[in-house]
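Shown next, in structure tokens, is the structure this report addresses.
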Amino acid sequence: MTEQDVSYPRISVVTCSYNQGSFLEDTIVSVVSQEYPDLEYIVVDGGSRDGSVEIIRKYESRLAWWVSEPDGGQSDALAKGFEKATGDILCWLCSDDMLERGALLEVGRFFLDHPDVDVVFGDTTQINREGAVTRRYKTFPFSRWLLLNTRNYIPQPSTFWRRQVYERVGGIDRSIDVAMDTDLWLRLSEVARFQHVPRYWSRMRMYPEIKSRALWRENLAELLKLEARYLGTRGTVSRWATRAIAKIVRIGYKVRLGCYWT
């Protein structure tokens, strides 16, 4: 069978944005230039007033659907986008991140070759505000225990999942504003099989104003809420002892797999 004969699954990419006009075009171009045979791209803008709408309109012929209107925040925007999506495979790309060239072809081929896997995640390259590479972030295979007891180590823009498991767990939780990806991974892991592929599929922009850093207190509060939701109430000593052990295990895992040397 030639490459032209391959029937790739439809991949729906959702980008949520609000006043990110300085980065948005790079994000959009990284998706529409993928040359993936069955791409559905959706952009949900929260009513930006910084020129973002003009950028979106520039590429609207390449979009399956887009909107610019006030919403309830990032999780609400993502949920809205996924409600419009019709793809077999889903993912989201924030409006300051980018996909690596050829990433979707690799992802589509992976799902074709691994019908038993529901969620796949790769590695990511961290870049600064100007787009210069600052770090090659190499991660390791999925462990729900480590995800619950250490910080989220799964690069969100390099993560893709089947629609059926997303719908089975109820999709994005609109009530979670910052740690919505961690929550989604945890709920997916209750019904889905994860696999890590050591390939760089995205570029993640890291700078002081990104949401996870600017809203670190809110993020911490949500992570503690998720910990209580999925692990129940634990005593302080038990909680910190478990987290210390998990951190040691995580470091050992990364050393053994060469994650610190990229």
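Just so it is clear, none of the values below were taken in a lab; they were calculated from the coordinates. It should be emphasised that the depicted structure is a prediction, and the values quoted were computed from it without experimental measurement. Cβ coordinates were reconstructed from backbone atoms using ideal geometry, including for glycine residues, and neighbour counts include every protein chain displayed.
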*Given LYS58/LYS225; LYS138/LYS225; LYS58/LYS254; LYS58/LYS84; LYS84/LYS247, the pairs whose alpha carbons are separated by over 32 Å*: LYS58/LYS225; LYS58/LYS254; LYS84/LYS247
*With everything on Cα atoms, drop me the angle between helix 74-84 and the longest principal axis of the chain, reported from 0 to 90° to the nearest 10.*
50 degrees
*Kindly provide the helix-only [θ] at 222 nm of the chain, computed as the sum of -39,500 (n - 2.57) over DSSP H runs of four or more divided by all residues, to the nearest 500 deg cm²/dmol?*
-11500 deg cm²/dmol
_Segment SER7-ILE248, length gained on full extension (0.36 nm per residue, minus Cα span)_ = 82.4 nm
_Helix axis angle, 236-256 relative to the chain longest principal axis, alpha carbon, degrees_ = 60 degrees
*Virtual spin-label span in nm between ARG109 and GLU35, 7 Å along Cα→Cβ*: 1.3 nm
_Residues LYS58, LYS80, LYS254, sorted so that the one with the fewest Cβ neighbours within 10 Å comes first_ = LYS58, LYS254, LYS80
*asked:* Compute the helix-to-body angle for 103-113: its Cα long axis versus the longest principal axis of the chain, expressed 0 to 90° and rounded to tens.
replied: 70 degrees
*With label points built 7 Å along Cα→Cβ from the Cα atoms of ARG229 and ASP116, find their separation and express it in nm.*
3.0 nm
